[in-house]
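The values are calculated or read from the model by the stated rules, or taken from the named source; none is laboratory data. Keep in mind it's a predicted model, so treat the numbers as computed, not measured. As a convention, Cβ positions derive from the backbone with ideal geometry for all residues, glycine included, and neighbour counts pool all protein chains shown. Calculation scope for accessible area: heavy atoms of the full protein, side chains included, ligands and nucleic acids excluded. Shrake-Rupley method; radii C 1.70, N 1.55, O 1.52, S 1.80 Å.
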Amino acid sequence: MSTAVSRGTSPVSPARQPRLTVLSGPSGVGKSTVVAHMRKAHPEVWLSVSATTRKPRPGEQEGVQYFFVDDEEFDKLVANGELLEWAEFAGNRYGTPRQAVLDHLAAGVPVLLEIDLQGARQVRESMPEAQLVFLAPPSWEELVRRLTGRGTESAEVIERRLGAAKVELAAESEFDTTLVNTSVEDVARELLALLR
Ligand code: ADP
Ligand code: 5GP
C-alpha cells in the first residue's frame, strides 16, 4: 500500500492542551473509515457524536454514529444554544452537542469532531485554538468511486454530495493540515499523531 502524503503542518504548541481537532473532507473521502480504524486501536480518543436530521443508514445505531432527531428536535437544540456549531449539508442538518465537547476538554481528553466545511469554519471562529485537519482524496475519480461504491445513497444524493465536494476541495487551504487518504492505516497513524 502506498503512503499517506502530508501537505504541510502547523506549528504544534505544547501550551495548547488538550486539543480540539476538527476532521473535515468531502463526503466519501473516508473520514469515518479512518476514524473507526484509529479508534479500534485507540479507543481513548473521544469522538463527538453529532445530532442529525438524516435518516439512519443500515447498521447505524442511535447514539453511536449519530443522535437521530426530527426537524422539531433539531430546531430546539439550535434555539436552546445546545450546539457548538451546526450546518445544513446535502439536504439534512447536522450539529455538534456543545456540552459534551466542553466536558471532555475540561477533563483533559483530546476531542475529535468529524464535521463538514461549514462546521469547521464555525469552530475556527468560536474556538480559534482548534486544529483543522482536511482529509483529501488521492484524486477526483477515486472520490467518485468511493462515494458511489459505498452504495448508501441514491444517484440524486450522490450528485448533491459531489457538488458539495467541489466546494470543500476548493477550501483545503483554510485548514492547518492536509492528509491524503491513500492508505487508511497510514492516515489513521498520522491523525493519531496530530491528536496527541
Ligand atoms: P466519509 O466518512 O468521508 O463519507 P467513508 O468512511 O464512508 O467516507 O468511506 C467511503 C467509502 O470509501 C467506503 O466504502 C470506504 O470503505 C472507502 N474507503 C475509505 N478509505 C479508503 C481508502 N484509503 N482506500 C480505498 N477505499 C477507501
Ligand atoms: P454523512 O451523512 O455522510 O454521515 O455526513 C455528511 C457530512 O456531514 C459529512 O461531511 C460529515 O462530516 C458532516 N457532519 C457530520 N456531523 C456533523 C456535525 O455535527 N456538524 C457539521 N457541520 N457537519 C457534520
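When you check PRO110 against the structure, is it farther than 18 Å from SER48 by Cβ and touching a residue at least 40 places away in the same chain (Cβ under 8 Å), yes or no? Please lay out each step first, then the result.
Working: farther than 18 Å from SER48 by Cβ: no; touching a residue at least 40 places away in the same chain (Cβ under 8 Å): yes.
No, not satisfied.
Applying the selection to region 88-107, what residues are free of Cβ contacts under 8 Å to residues at least 60 places away in the same chain and touching a Gly at 6+ places or on another chain (Cβ under 9 Å)?
Within region 88-107, TYR94, GLY95, THR96, ARG98 meet the criteria.
Only residues that are within 18 Å of the chain's Cα centre (by Cα), part of a helix (DSSP H, G or I) and over 13 Å from LEU169 (Cα atoms): list them for region 112-150, please.
Within region 112-150, GLY119, ALA120, ARG121, GLN122, VAL123, ARG124, GLU125, SER126, ARG146, LEU147, ARG150 qualify.
Checking ARG161 against (1) touching a Ser or Thr at 6+ places or on another chain (Cβ under 6 Å); (2) open to solvent by 50 Å² or more (accessible area, probe 1.4 Å); (3) of a type outside the set (Asp, Glu), which single condition isn't satisfied?
(2)
Out of region 176-196, which residues are open to solvent by less than 40 Å² (accessible area, probe 1.4 Å) and within 15 Å of ligand 1 (Cβ to nearest atom)?
Filtering region 176-196 for residues open to solvent by less than 40 Å² (accessible area, probe 1.4 Å) gives 177-181, 183-184, 186-188, 191-192, 194-195.
Listed by number, the residues that qualify are THR178, LEU179, VAL180, ASN181, SER183, VAL184, ASP186, VAL187, ALA188, LEU191.
Every residue, every condition in (1) within 15 Å of ligand 2 (Cβ to nearest atom); (2) in a loop (DSSP other than H, G, I, E, B); (3) not charged (D, E, K, R), yes or no:
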| position | (1), (2), (3) |
| --- | --- |
| THR152 | yes, yes, yes |
| VAL157 | yes, no, yes |
| ARG160 | yes, no, no |
| ASP186 | no, no, no |
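Among what's in region 102-126 and is among the charged types (D, E, K, R) and within 16 Å of ligand 1 (Cβ to nearest atom), pick the residue that is most open to solvent (accessible area, probe 1.4 Å).
Of the residues in region 102-126, the ones among the charged types (D, E, K, R) are 103, 114, 116, 121, 124-125.
Next cut, within 16 Å of ligand 1 (Cβ to nearest atom) only: 114, 116.
On the way: GLU114: 50, ASP116: 27 Å².
Top of the filtered list is GLU114.
For region 21-37, check the following and say yes or no: at least one residue is open to solvent by less than 70 Å² (accessible area, probe 1.4 Å) and over 13 Å from the mean Cα position of the chain (by Cα).
No, every residue in region 21-37 fails to be open to solvent by less than 70 Å² (accessible area, probe 1.4 Å) and over 13 Å from the mean Cα position of the chain (by Cα).
Starting from residues that are crowded, with 18+ Cβ neighbours inside 10 Å and more than 11 Å from ligand 2 (Cβ to nearest atom), keep the ones in region 38-48 and report whichever is farthest from ASP103 (Cα to Cα).
If we take residues in region 38-48 being crowded, with 18+ Cβ neighbours inside 10 Å and more than 11 Å from ligand 2 (Cβ to nearest atom), then MET38 is farthest from ASP103 (Cα to Cα).
Please find, within region 127-158, the residue that is nearest to ligand 1 (Cβ to nearest atom) out of those that are at pLDDT below 95 and acidic (Asp, Glu).
GLU153
Can you work out which of the residues in region 162-173 that are under 27 Å from LEU194 (Cβ atoms) and more than 15 Å from the chain's Cα centre (by Cα) is nearest to ligand 2 (Cβ to nearest atom)?
Looking only at region 162-173, we keep the residues that are under 27 Å from LEU194 (Cβ atoms), and these are 164-173.
Checking the rest, the ones that are also more than 15 Å from the chain's Cα centre (by Cα) come to 166-167, 170, 173.
Values: LYS166: 13, VAL167: 11, ALA170: 15, SER173: 18 Å.
Out of the qualifying residues, it is VAL167.
Considering only region 70-91, state which residues are in a strand (DSSP E or B) and open to solvent by 40 Å² or more (accessible area, probe 1.4 Å).
Step one: of region 70-91, the residues in a strand (DSSP E or B) are 83-89.
Within region 70-91, TRP86, GLU88 meet the criteria.
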